[in-house]
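Asker: Below is one structure. I have some questions about it.
The values are calculated or read from the model by the stated rules, or taken from the named source; none is laboratory data. Note that the coordinates shown come from a computational prediction; the quantities given were computed from them, not determined experimentally. Because the Cβ atoms are built from the backbone with ideal geometry, glycine has one as well, and the counts that use them run over all protein chains shown.
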Amino acid sequence: MNGTRNDGNRSAFSRWSLLTFVCCLAVGGALSGPGSALPGVASAQTPDVVPANTVMLYQHQNFGGAKLEGFTDVEEYKDLTKMTMSGSTNWNDKVSSVKIGKDACLMAYQDINFKGSMTRYIGNGSSQRNEPVLPNSWNDRISSFKVKGRGNCQ
């Protein structure tokens, strides 16, 4: 039968193509993003929403790489050389961006045990504060930090 199509085969091919596309999309989405096996592939990941009384510190600028969550008045992080992010890499002098919950205050210090220069990042009371790039004087210089409530940031 010259000139006729086999719609059964075409339909099966369409279903197979759609299944392949959906499968690859799901795998690509799961593997993409910072530190992924598919560099350069955009991710549809939801950005981190930081709870009101929490801060999130990131290894790289623009909230990339490993992340470390800090909680208000639960713990003080006095020595980042003792906190590891992966393998044997510690957090000392590795923070490049931060997110501050609306009711939180991050007090960051350049030396361990809350010594040396200090800076504050304070939530604004109504929404999360994002600092995608820390100033040069603080990029990769945080060695200890405290998380306090917004009204208790001394």
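Asker: Report yes if Gly33 is more than 16 Å from Asn139 (Cβ to Cβ), at pLDDT below 95 and not assigned by TED's automatic domain parsing to the domain that holds Pro132, otherwise no. I'd like the intermediate steps shown before the answer.
Answerer: On the way: more than 16 Å from Asn139 (Cβ to Cβ): yes; at pLDDT below 95: yes; not assigned by TED's automatic domain parsing to the domain that holds Pro132: yes.
Taking the combined requirement at face value, the residue satisfies it.
Asker: Moving on to the next point. Suppose we keep only residues that are in a helix (DSSP H, G or I) and at pLDDT 95 or above within the stretch 97-154. Which one would you say is surrounded by the fewest Cβ atoms within 10 Å (Cβ to Cβ)? First the steps, then the outcome.
Answerer: Start the filter on the stretch 97-154 by keeping residues that are in a helix (DSSP H, G or I), which leaves 112-114, 150-152.
This time we only want the ones that are at pLDDT 95 or above, so: 112-114.
On the way: Ile112: 16, Asn113: 11, Phe114: 17.
So, considering only residues that are in a helix (DSSP H, G or I) and at pLDDT 95 or above, the one surrounded by the fewest Cβ atoms within 10 Å (Cβ to Cβ) is Asn113.
Asker: Can you name every residue in the stretch 54-89 that is closer than 18 Å to Asn139 by Cβ, β-branched (Val, Ile, Thr) and without any contact (Cβ under 8 Å) to a residue 40 or more places away in the chain?
Answerer: Thr89
Asker: Which of the residues that make up the stretch 91-131 are free of Cβ contacts under 8 Å to residues at least 24 places away in the same chain and aliphatic (A, V, I, L, M)? Steps first, answer last, please.
Answerer: Here is the first cut: in the stretch 91-131, the ones free of Cβ contacts under 8 Å to residues at least 24 places away in the same chain are 117-119, 124.
The one that is free of Cβ contacts under 8 Å to residues at least 24 places away in the same chain and aliphatic (A, V, I, L, M): Met118.
Asker: While we're on this one: Give the residues of the stretch 110-138 that are among the aromatic types (Phe, Trp, Tyr) and farther than 23 Å from Ala52 by Cβ, sorted by residue number.
Answerer: Of all residues in the stretch 110-138, those among the aromatic types (Phe, Trp, Tyr) come to 114, 121, 138.
Listed by number, the residues that qualify are Phe114, Trp138.
Asker: Sticking with this one: So is Thr84 surrounded by fewer than 17 Cβ atoms within 10 Å (Cβ to Cβ), hydroxyl-bearing (Ser, Thr, Tyr) and within 17 Å of the chain's Cα centre (by Cα) or not? Outline the logic, then answer.
Answerer: Details: surrounded by fewer than 17 Cβ atoms within 10 Å (Cβ to Cβ): yes; hydroxyl-bearing (Ser, Thr, Tyr): yes; within 17 Å of the chain's Cα centre (by Cα): yes.
Judged against the criteria, Thr84 is a match.
Asker: Exactly one of (1) assigned to a loop (DSSP other than H, G, I, E, B); (2) surrounded by fewer than 18 Cβ atoms within 10 Å (Cβ to Cβ) is unmet by Lys94. Its number?
Answerer: Of (1) assigned to a loop (DSSP other than H, G, I, E, B); (2) surrounded by fewer than 18 Cβ atoms within 10 Å (Cβ to Cβ), only one is false for Lys94: (2).
Asker: I would also like to ask the following. Looking at this structure, is Trp138 among the aromatic types (Phe, Trp, Tyr) and touching a helix residue (DSSP H, G or I) at 6+ places or on another chain (Cβ under 9 Å)? If you could, list the steps in order and put the result at the bottom.
Answerer: Working: among the aromatic types (Phe, Trp, Tyr): yes; touching a helix residue (DSSP H, G or I) at 6+ places or on another chain (Cβ under 9 Å): no.
No; evaluated as a whole, the condition is false for this residue.
Asker: Quick one: which residue in Asp93, Asp73 is modelled with pLDDT under 95 and of a type in the set (Asp, Glu)?
Answerer: Details: Asp93 fails: modelled with pLDDT under 95.
Answer to the check: Asp73.
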